[in-house]
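Engineer: The structure under discussion is supplied below as structure tokens; questions concerning it will follow.
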Amino acid sequence: MTLRVLIQAADVSRRVEQLAAEIADDFTGTAPVVIGILNGAAPFMMELLRCLPEAMTHQVFYDFVDATSYRGTESTGAVELTRPLTLSVTGRHVLVVDGIVDTGRTLAAVLEYVNQLKPARVSTCTLLDKSARRQVEVPIDYRGFEIDDLFVVGYGMDLDGQFRGFRHIAVIDSPAA
């Protein structure tokens with residue numbers, strides 16, 4: 001297996017700061033609930049929250065859902081939600097954060113679940129958007145980077161649990177069989 005850097009750590013950090021500024025502008029005057037999709041979105045979401053302006057941080061609530069749809073480098077085609085929200089989102093502004101939107105199935109399943117809870121508004125944010133593989137159209141309000149149809153790891157994304165801790169985004173050029 002060969003790994004190569006696709007997006008440098010400094011570029012990831014810079015883009016997360018920019019996204020946080022956009023989100024802060026759009027959510028001014030609200031107390032949003034930020035929902036991360038485990039496990040891949042956790043590092044991105046926590047960095048995003050750290051980059052929000054100090055005045056906003058005491059108003060932000062966060063929670064996680066666990067949604068799984070991958071085995072190795074392939075989507076199974078089915079999304080399993082194994083951890084529901086612990087916070088109420090009814091009547092609140094919600095930002096759903098994902099590390100990567102690929103087929104769109106995972107984000108679509110999470111959005112369906114969240115919308116059943118009757119929030120006031122739902123927005124979405126992803127660090128990486130792989131639109132070439134999209135099978136289910138989903139709204140993306142905040143996008144870090146558009147990437148080609150590559151299998152990537154790092155910054156929360158993994159291959160069977162490996163490589164999540166990279167501060168950069170790397171491409172696996174020849175995944176293990």
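Engineer: In the neighborhood of P43, defined by Cβ-to-Cβ distances under 9 Å, what is the net charge if each Lys or Arg adds +1 and each Asp or Glu adds -1?
Structural biologist: Charge balance in the 9 Å sphere: +1.
Engineer: Still on this structure: Report the antiparallel proportion of the DSSP beta bridges in the chain as a percent, rounded to a multiple of 5.
Structural biologist: 35
Engineer: So for the chain, Kirkwood radius off the Cα pairs, Stokes-Einstein at 20 °C and 1.002 mPa s: how many µm² s⁻¹?
Structural biologist: Roughly 131 µm²/s, to the nearest whole number.
Engineer: For T90 and Q8, what does the FRET efficiency come to when R0 = 45 Å and r is the distance between their Cβ atoms, rounded to the nearest 0.05?
Structural biologist: The value I calculate is 0.65.
Engineer: Hey, another quick one. What FRET efficiency comes out for D66 versus N115 if R0 is 25 angstrom and r is the Cβ-Cβ distance? Round to the nearest 0.05.
Structural biologist: My answer for the efficiency is 0.90.
Engineer: Next question. Where does each of K118, K130 land when they are ordered by accessible area, with a 1.4 Å probe and the largest first?
Structural biologist: Descending order: K118, K130.
Engineer: For the chain, what is the calculated [θ] at 222 nm in deg cm²/dmol (nearest 500), taking -39500 (n - 2.57) for each run of four or more DSSP H residues and dividing by its residue count?
Structural biologist: For the chain, the value works out to -7500 deg cm²/dmol.
Engineer: With a 1.4 Å probe and all protein chains left in place, how much of the accessible area of the range 96-177 comes from carbon and sulfur atoms, in whole percent?
Structural biologist: 47
Engineer: Find out how many positive minus negative residues lie around S123, taking Lys and Arg as positive, Asp and Glu as negative, among other residues whose Cβ is under 10 Å from that of S123.
Structural biologist: It works out to a net charge of -1.
Engineer: With charges only on Cβ, +1 for K and R and -1 for D and E, what is the dipole size of the chain about its Cα centre, in debye, rounded to 20?
Structural biologist: 220
Engineer: Tell me, Kirkwood radius of the range 112-155 from alpha-carbon pair distances, in Å?
Structural biologist: When all Cα pairs of the range 112-155 are included, the Kirkwood radius is 12.3 Å.
Engineer: Please give the solvent-accessible surface of M46 in Å², to the nearest 10, using a probe radius of 1.4 Å with every protein chain present.
Structural biologist: About 50 Å², ignoring ligands and nucleic acids.
Engineer: While we're looking at this one, here's another question. Over the chain, average the accessible area per residue using a 1.4 Å probe and give it in Å², no decimals.
Structural biologist: Each residue of the chain exposes 48 Å² on average to a 1.4 Å probe.
The values are calculated or read from the model by the stated rules, or taken from the named source; none is laboratory data. No experiment lies behind these values; they were computed from the predicted model shown. Every residue, glycine as well, gets a Cβ built from its backbone with ideal geometry; the counts of neighbours run over all protein chains shown. Note: areas computed on protein heavy atoms with side chains; ligands, DNA, RNA excluded. Shrake-Rupley method; radii C 1.70, N 1.55, O 1.52, S 1.80 Å.
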